[in-house]
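The values are calculated or read from the model by the stated rules, or taken from the named source; none is laboratory data. It should be emphasised that the depicted structure is a prediction, and the values quoted were computed from it without experimental measurement. Cβ atoms come from the backbone with ideal geometry, glycine included; neighbour counts cover every protein chain shown. Protein only, heavy atoms only, side chains kept; ligands, DNA and RNA dropped before computing areas. Shrake-Rupley method; radii C 1.70, N 1.55, O 1.52, S 1.80 Å.
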Amino acid sequence: RCRSASLYKRHAQMCRPELAVLQWWQQAMWRKRRFLRVAVLGTFAVIVFYYTTLQRHTIQKYRHTRKVGFVPHWQPIVLMNELQYVQYVGTEADGDDAFTRHAFNVSSSNTIPSDRRLPDTRHSRCRKLEWSAVPLQATSVIVAFHNEARSALLRTVVRRVVLNRTPSELIQEVILVDDFSDNETDGTFLSSLPKVRVLRNQAREGLIKSRIRGAAEAQGDLLMFLDSHCEVNVGWLEPLLERVSKDPLTVASPVIDVIDMATFQYRSSSSQLKGGFDWSLHFKWIPLSTKQKAQYNDPTEPFLSPAIAGGLFLVSRDWFQRLGMFDSGLQIWGVENLEISLKSWLCGGKVEVVPCSRVGHVFRKRHPYTFPSGNANTYLRNAKRVAEVWLGDHKRFFYESQPNARALDAGRLPNEENSAFGQLKQGSLCLQSQHDSSEVKLAECNDSEPSQHSWAFNVHTASIQHGELCLTTHDKAKYPVLESCTLSFQQKWSRHGRAVILLSSGQCLESGITSEVRLSECRHGAMSQQWDFTVELQA
Ligand code: UD2
Ligand code: MN
């Protein structure tokens, strides 16, 4: 029996115990392999399912591993479930022509997941840099939008900035300023998301005033402005932070990559372009000169730039406020990028492009919104304000290339007829215009509150102006209001000492017990009738 053992397993087990052990071992290995195969395939299937289905729209796992010197951590945040995502983005109709409403292909935008992976367009050396020296200053991200495509807005800020691409400690908040979009829920829907605050203008203010409003409300030490159709790329914030924390008088701009307006493909831009402008104050890109290229031979090194392209930059809140933010008299769109750049340079700061920071932007061929006083007019008027205030003698070059600007009314520029201007104060309270009415009220003085600035006493017209409006009284009405300037007797005031007197009635401007401001009989020396402007000019 045992001689034919090799033919019969059972006999073999009996006659050759060493073979039995071998067989047992082979079978065990075979079972193990099968188990391993099933386990590997199963895990793979779960991963694929997670990333394609769950990760995409339902659950966001916030994850980042900060560079050397920082503790990596995981923080799960449930952002929006599938239903909410579809409710928010899916209800927006594409229309017949995908380009009509947004001037980019909204159908294409809607099909792109809001946390898609982007090609890392930085120079390879940027990836090796460590930003561990960056102090933990929190940034307020400010995004003004008017009728933005929801999918694009979501990609800009919420998912990418708050969750995917940016270490959480570096973000104080995201302030969305809804510039009176047709559909209020474009913004309000997002207000429940982590760190997101939504402010809505009660009338269309334009992007410049909207950004000022966002900046005035921001609580972070640093302000980062973004358009509402951007996508931040990996490691975008740290290199900008490093520049501004090294020199707080820096306005730091990322390299702006291109998101194709038809396909939403993300493309790298040259990192060797600086921002400049011609004499008509149109922005243009200027390649670095050969000399500069030699000077900046390290492709990760930030370089100086005359101007920024626009709305994508990081600045310290303090410096931005000291620069007077943007000129609040600029309307709707345009030239504020040159204004902030010129101011920064002329007041002792600088403007830089940081090549290791990349943010994509959808460049469009036209504006998908209206300009109440016309596109060209608005631009020219804004340019004139900037030229008059910041170009000094060089403004003649501006008028040479834009002769139409000469006759244009660019608003009330700082005026020799004003004997006093700035805030109009009583102690620590300041006179303030209201967003939603023509009334004026008193509130705690706040340097970054635009509605408390731009008061002026014009000796020539005897008017008290606030921006374009004049302090007006109506017959027998006790409370003054702000109305268009007409030079009528209802708008004529005089100042005696610290009293502000309505000429027609001889009554004095007085603060009430609550925040109201009214007219009443003048009482010599009454504290409630004493007013000061921030700046008084000697007669
Ligand atoms: C560029 C800048 C932009 C701004 C502008 C000049 C880049 C990438 N973009 O124009 O940031 O500096 O030049 O002023 O450099 N918006 C409002 N209210 C309005 C109009 C626009 O909130 O009345 C929003 C709009 O939704 C967008 C942002 O302002 O988020 C900028 O407008 P844009 O994208 O039309 O400007 P763009 O990129 O042509
Ligand atoms: Mn834009």
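Scan region 523-539 for residues that are touching a strand residue (DSSP E or B) at 6+ places or on another chain (Cβ under 8 Å) and either open to solvent by less than 60 Å² (accessible area, probe 1.4 Å) or within 22 Å of THR461 (Cα to Cα) (or both) and jot them down.
The answer is ALA526, SER528, GLN529, GLN530, TRP531, ASP532, PHE533, THR534, VAL535, GLU536, LEU537, ALA539.
On the given criteria, is SER114 closer than 30 Å to ILE212 by Cβ, surrounded by 17 or more Cβ atoms within 10 Å (Cβ to Cβ) and either within 16 Å of ligand 2 (Cβ to nearest atom) or modelled with pLDDT of 70 or more (or both)?
Spelling it out, SER114 is indeed closer than 30 Å to ILE212 by Cβ, surrounded by 17 or more Cβ atoms within 10 Å (Cβ to Cβ) and either within 16 Å of ligand 2 (Cβ to nearest atom) or modelled with pLDDT of 70 or more (or both).
Quick check: is even one residue across region 225-248 within 16 Å of ligand 2 (Cβ to nearest atom) and of a type in the set (Lys, Arg)?
First, the residues of region 225-248 that are within 16 Å of ligand 2 (Cβ to nearest atom): 225-232.
Adding the requirement that they be of a type in the set (Lys, Arg) leaves none.
The answer is no; no qualifying residue exists.
Being surrounded by 14 or more Cβ atoms within 10 Å (Cβ to Cβ), in a strand (DSSP E or B) and more than 21 Å from the chain's Cα centre (by Cα) is the filter here; which residues of region 260-273 pass it?
LEU273
Checking the condition of a type in the set (Phe, Trp, Tyr), under 30 Å from HIS102 (Cβ atoms), more than 16 Å from ligand 2 (Cβ to nearest atom) and surrounded by 13 or more Cβ atoms within 10 Å (Cβ to Cβ), which residue from PHE397, PHE320 passes?
Answer to the check: PHE320.
Quick check on my filter: what residues within region 124-141 are at pLDDT 90 or above and out of contact with any helix residue (DSSP H, G or I) (no Cβ under 7 Å at 6 or more places or on another chain)?
Those that are at pLDDT 90 or above and out of contact with any helix residue (DSSP H, G or I) (no Cβ under 7 Å at 6 or more places or on another chain): SER124, ARG125, CYS126, SER140.
Go through the residues of region 180-188 one by one and say whether even a single one is at pLDDT 90 or above, within 16 Å of ligand 1 (Cβ to nearest atom) and hydrophobic (A, V, I, L, M, F, W, C).
yes
Looking at this structure, is SER280 within 16 Å of ligand 1 (Cβ to nearest atom) and not in a strand (DSSP E or B)?
Yes, satisfied.
Restricting to region 354-370, what's the tally of residues that are away from ligand 2 (no atom under 15 Å from the Cβ) and not assigned by TED's automatic domain parsing to the domain that holds PRO254?
Within region 354-370, the first condition is being away from ligand 2 (no atom under 15 Å from the Cβ), and the residues that meet it are 354-358, 370.
Imposing the further condition that a residue be not assigned by TED's automatic domain parsing to the domain that holds PRO254 reduces the set to 370.
The total comes to 1.
Assuming ASP318 fulfils every condition listed in (1) among the acidic types (Asp, Glu); (2) touching a Phe, Trp or Tyr at 6+ places or on another chain (Cβ under 7 Å); (3) farther than 28 Å from LYS128 by Cα apart from one, which condition is it?
Status for ASP318: all satisfied but (2).
Could you give me the residue pairs with C-beta distances under 6 Å whose first residue belongs to region 391-418 and is closer than 19 Å to GLN331 by Cβ, whose second residue is open to solvent by 40 Å² or more (accessible area, probe 1.4 Å) and in a loop (DSSP other than H, G, I, E, B) wherever it lies, and which are 6+ apart or on separate chains?
Taking only residues 6 or more apart or on different chains, the pairs are PHE398/TRP279.
How many residues does region 143-179 contain that are among the charged types (D, E, K, R), at pLDDT 90 or above and out of contact with any Phe, Trp or Tyr (no Cβ under 7 Å at 6 or more places or on another chain)?
2
Specify the residue that is surrounded by the most Cβ atoms within 10 Å (Cβ to Cβ); the eligible residues are those in region 232-256 that are over 19 Å from GLN172 (Cα atoms) and over 17 Å from the mean Cα position of the chain (by Cα).
Going through the qualifying residues, I end up with LEU249.
Is there any pair with a first residue in region 224-237 that is among the acidic types (Asp, Glu) and a second that is more than 14 Å from ligand 1 (Cβ to nearest atom) and not in a strand (DSSP E or B) whose Cβ atoms are under 7 Å apart and which are 6 or more apart or on different chains, and what are they?
Listed by first residue and then by second, the contacts come to GLU231/LEU118; GLU231/ARG160.
Please find, among ALA252, ALA216, ALA262, the residue that is within 16 Å of ligand 2 (Cβ to nearest atom) and either of a type outside the set (Asp, Glu) or over 30 Å from LEU304 (Cβ atoms) (or both).
Details: ALA252 fails: within 16 Å of ligand 2 (Cβ to nearest atom); ALA216 fails: within 16 Å of ligand 2 (Cβ to nearest atom).
It is ALA262.
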